[in-house]
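The values are calculated or read from the model by the stated rules, or taken from the named source; none is laboratory data. Because the structure is a prediction, the values reported are computed rather than measured. With ideal geometry, Cβ positions are generated from the backbone for all residues, glycine too; neighbour counts draw on all protein chains shown. Each accessible area value is taken on the protein alone, full model and side chains, heavy atoms only, with ligands, DNA and RNA left out. Shrake-Rupley method; radii C 1.70, N 1.55, O 1.52, S 1.80 Å.
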Amino acid sequence: MKKPHADKDSDEYRQRRERNNLAVKKSRMRSKQKAMDTQQRVNELKEENERLEAKIKLLSKELSVLKDLFLEHAHNLADNVHPPPPPGGDGPSPAPNGTSTNGQ
């Protein structure tokens, strides 16, 4: 089942402890490095998020300006377009065959 524990003064015990200490040290270093890498990635993503938020703000302002210009242009076009006179209306109409309607 379990091996009997080696004497704490034995070479075998010291070698196992040394190997274990090195393994623990490496494990802690890997863990620390992983945490540092993760924090660096978090910082990079925060910076990217800030840049993207600023871009959204800029593009939203641009969209608003363009909408306003479009609506102003559409309003000006609507003001300049006059509806056609109704058929048979009171206004002068051209005579057929390009002749004048003033009797001359």
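Laid out as a table, the results:
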{"item": "Pairs where the first residue, in segment 1-15, is open to solvent by 100 Å² or more (accessible area, probe 1.4 Å) and the second is of a type outside the set (Phe, Trp, Tyr) and at pLDDT below 85, C-beta under 6 Å, 6+ apart", "result": "Glu12/Ala6"}
{"item": "Single residue of Ala23, Ala78 found to be open to solvent by less than 90 Å² (accessible area, probe 1.4 Å), closer than 30 Å to Asp7 by Cβ and of a type outside the set (Asp, Glu)", "result": "Ala23"}
{"item": "Boolean, Glu62 is open to solvent by 100 Å² or more (accessible area, probe 1.4 Å), charged (D, E, K, R) and in a helix (DSSP H, G or I)", "result": "no"}
